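Report on one structure; see the data block that follows.
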Amino acid sequence: MASERLNVTDVCDVVEFHESAGGVALYGQEGRWTLSTQRGGKKMDYVTHLKPDGTYQPLREHEENVAALAGEFAAAFGAQEHGHRTGLLHDIGKYSANGQKRQRDPAHTAKVDHASAGAQMAWQMRDCVAAFAVAGHHGGLPDRGDKTNDGGGTLCARLNKHLTGGNDPSAWKTEIEIPAKARFPAWLAAEKDARRLAMYTRMLFSCLVDADYLDTETAIQGGQPRGEGETTERLLEKLNAHVAPWLEAPANELCAKRSAILARCLRGGEDERGLYTLTVPTGGGKTISSLAFALSHAAKHGLKRVIYVVPYTSIILQNTDVFDEVLGAENVLEHHSQVEFADDGEETSEAYRKRLACENWDAPVVVTTAVQFFESLYAAKTSKCRKLHHIANSVVIFDEAQTIPVPFLMPCVSAIGELVQHYGVTAVLCTATQPALGRLFKQLAPTLVQREIAPDPDGLFDDFRRVSFQREGVFTPEELAGRLAEVEQVLCIVNTRKRAQQVYEGLPEEGRFHLSTLMIPTDREETLNVIRARLRTGQVCRVVSTSLVEAGVDVDFPSVWRELAGLDSILQAAGRCNREGKRSAAESVVHVFDAEGDPPLSMMQQREAAMEVMGEFEEINTRPAIRAYFNRLLWVKGDDALDAKRILNSERACTFRKTAEAFRLIDADTCTVYVPNEGNAEDIAQLRAGLYSRALIRRLGRSSVNVYQNEYKNLVFAGIVEDHQEDGFGILIQPDAYKPKCGLSTEVGDGFLAK
């Protein structure tokens, strides 16, 4: 199959759009390809994956299975026919003589580029979306390229390959039929927007990759590991049973106010699908209330799942434990892992195991991070994109939406808008300090109407005002520890890991605690449970933490100290003080101080905006003060500052790999380190043996920490961590380097922002 020299100059013009009943059809060019062929010619057994019983999966069976699954997945956004046809195209290159040699003979080491055949076929059908998806289904979505690309991994390079002789795939015509027409969503053609086309390409790519991996997993491991779990209707019943006592007999006035918010959220099924905000002050019960809205809404509108997006990995476990208690652990998936296996295109058994282990979000309730969610929406790797199609027809809760980094606000808002408008998503921006994102949504998704769920947000802020604020001076770690030692129960939140460790070491040993992301999730949660117990019983309890404790962590201290940061962080810290309203606001003081030394550069703008607002407003825990803060922070520098990496421009060019490289919510690359313990010895042994699986990676998430790359390299060099960086992780081999009370001991340079 030789292709003429091709140039994807304007990707929107690559597709021929023809109106058809029920959508838009993609047509092939007459005279270029016979797309529906009669089966004939010499009969041969074409095969693919070697099964456990020593037989091979027929290639035709795999093609048809993948097509059926990809079509089923794509039906969620009106692209069933397009997904089905893309599935048929994906492996036609394996029908070549060299492709069959590679399938049957493990010793046959020559690389076989089977994906280019399907990509060329899709291109000749004027289907650029399928061309991108098929070209990248093992190695990741390629960049567009141009007609000069004779080599490399761009789409144009793939299209310019001459597939002749042993690489001629034309034998596919003897076994499968590929339809000449395929309907796909009419909205895609209604507006030739390359940015919109890029997201649609990733979504179709996700359907293909997940279908391919699921059928492969079934063939080589036996039994299809499809997602389990109950319907959203059944989960709503469980939630209603759990919260019924709260609604019927609130324990006190504060609980009554929380119950009113909860009751409104339970009526969420009455609301139409779309974009919502839930503005509830800290301590107002946002976690359960937002889940109530999500399940009620999903049950009413027939949506498949709830995706709960939290700001940090550090609070996944707490949210998951709450959801497990209410809904059952079998219905909840916690996605900790930052592990990304390489997309190298190899078809060895080891490569397959790695690829099959990547996450696909096949549970009715998924708890993940903003990093995972948004970076996946702008990703190119199969390991990140596989799960994307499961976002369609879901309720997505963005917990603490104000934590989306300012330099990425425009691409994040653009992605949310696309999901709501074209993929059946209801999105909820859930926060105590709602940033004013309305302007961005009007700019990027002008037809969307943003609605508030909470009853009387202004009144709620008055109802939940439980603390007072006091400005302090500048402290060294030693001076700060001395001030904290004067109080029996106090929480101190600082901006860096290093400073947290210094202050912790300066405290009296009795009743001192340290919290950081260098602790594995289970140890961090166990420490929090001890802290809560000591607070309830009035015991000495002095806690030093990084910002991880601010969002979603349920603790109630009589006094809080917060190093100067953004106003939203200060108010989140205030939510850990007098949380249950047992003391007066005058007795419950949040001390805002500064630390000796230079602050992290990444926080300078937030600190400056916070200082301006604190100088202007007597009461900073009010909606006018919060609006003033975000106006200063978001709108002073203009749109360029809200898309600092020019992601939206990159999207329009369909440079998928360039976009993925630029879209990093966390500037510094991190690496996952797994910490062996008594409970995970068998899992660690499987990991070392290369027996990767989704279940394994999911379980080990509770025994992992993420460290910066320079820290990781130092740990490996020192013989503390066993290096598996090619797979995105390491394994701790020096047990003394990890202490349950403090976490993994590693050097953290000045200026590293604690997460």
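The values are calculated or read from the model by the stated rules, or taken from the named source; none is laboratory data. In this text the structure is predicted, and so the values were computed from the model without any measurement. Positions of Cβ are backbone-derived with ideal geometry, glycine not excepted, and every protein chain shown enters the neighbour counts.
The table that follows gives values for the structure above.
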{"read-out": "Scope the stretch 593-625; condition in contact with a helix residue (DSSP H, G or I) (Cβ under 7 Å, 6 or more places away or on another chain), among the small types (Gly, Ala, Ser) and not in a helix (DSSP H, G or I); matching residues", "value": "Ala595"}
{"read-out": "Subset of the stretch 567-586 [acidic (Asp, Glu) and over 12 Å from Arg466 (Cα atoms)]", "value": "Asp568"}
{"read-out": "Failed criterion for Leu295 (all others in (1) assigned to a loop (DSSP other than H, G, I, E, B); (2) crowded, with 16+ Cβ neighbours inside 10 Å; (3) modelled with pLDDT of 95 or more hold)", "value": "(1)"}
{"read-out": "All strands (runs of 3 or more DSSP E) inside the stretch 668-727 with 1 or more residues being aromatic (Phe, Trp, Tyr)", "value": "670-674, 704-708"}
{"read-out": "In the stretch 352-379, the residues that are over 19 Å from Leu303 (Cα atoms) and within 10 Å of the chain's Cα centre (by Cα)", "value": "Thr369, Ala370, Val371, Gln372, Phe374, Glu375, Ser376, Leu377"}
{"read-out": "Matching residues, the stretch 626-641, being in a helix (DSSP H, G or I), among the hydrophobic types (A, V, I, L, M, F, W, C) and either crowded, with 19+ Cβ neighbours inside 10 Å or free of Cβ contacts under 8 Å to residues at least 24 places away in the same chain (or both)", "value": "Ile626, Ala628, Phe630, Leu633, Leu634"}
{"read-out": "One residue from Glu510, Glu563 being of a type in the set (D, E, K, R), surrounded by fewer than 18 Cβ atoms within 10 Å (Cβ to Cβ) and not assigned by TED's automatic domain parsing to the domain that holds Glu678", "value": "Glu510"}
{"read-out": "Identity of the residue in the stretch 153-184, of a type in the set (A, V, I, L, M) and closer than 30 Å to Ala75 by Cα, that ends up surrounded by the fewest Cβ atoms within 10 Å (Cβ to Cβ)", "value": "Ala180"}
{"read-out": "Hits in the stretch 365-375 (condition: surrounded by fewer than 24 Cβ atoms within 10 Å (Cβ to Cβ) and either in contact with a Lys or Arg (Cβ under 7 Å, 6 or more places away or on another chain) or in a loop (DSSP other than H, G, I, E, B) (or both))", "value": "Glu375"}
{"read-out": "Within the stretch 578-612, tally of residues that are surrounded by 14 or more Cβ atoms within 10 Å (Cβ to Cβ) and under 14 Å from Leu254 (Cβ atoms)", "value": "6"}
{"read-out": "Residue within the stretch 646-662 that is out of contact with any Asp or Glu (no Cβ under 9 Å at 6 or more places or on another chain), of a type in the set (Val, Ile, Thr) and buried (at least 16 other Cβ atoms within 10 Å of the Cβ) present", "value": "yes"}
{"read-out": "Within the stretch 298-325, tally of residues that are touching a Leu at 6+ places or on another chain (Cβ under 6 Å) and either under 28 Å from Arg267 (Cβ atoms) or surrounded by fewer than 24 Cβ atoms within 10 Å (Cβ to Cβ) (or both)", "value": "2"}
{"read-out": "In the stretch 227-269, the residues that are of a type in the set (Val, Ile, Thr) and assigned to a helix (DSSP H, G or I)", "value": "Thr232, Val243, Ile261"}
{"read-out": "Residue among Val540, Val503 that is modelled with pLDDT of 95 or more, among the aliphatic types (A, V, I, L, M) and in contact with a Lys or Arg (Cβ under 9 Å, 6 or more places away or on another chain)", "value": "Val540"}
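Rundown of residues vs (1) modelled with pLDDT of 90 or more; (2) in contact with a Gly (Cβ under 7 Å, 6 or more places away or on another chain); (3) surrounded by 13 or more Cβ atoms within 10 Å (Cβ to Cβ); (4) of a type in the set (Gly, Ala, Ser), yes/no style:
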| residue | (1), (2), (3), (4) |
| --- | --- |
| Tyr692 | no, no, yes, no |
| Arg702 | yes, no, yes, no |
| Tyr712 | yes, yes, yes, no |
| Gly719 | yes, no, no, yes |
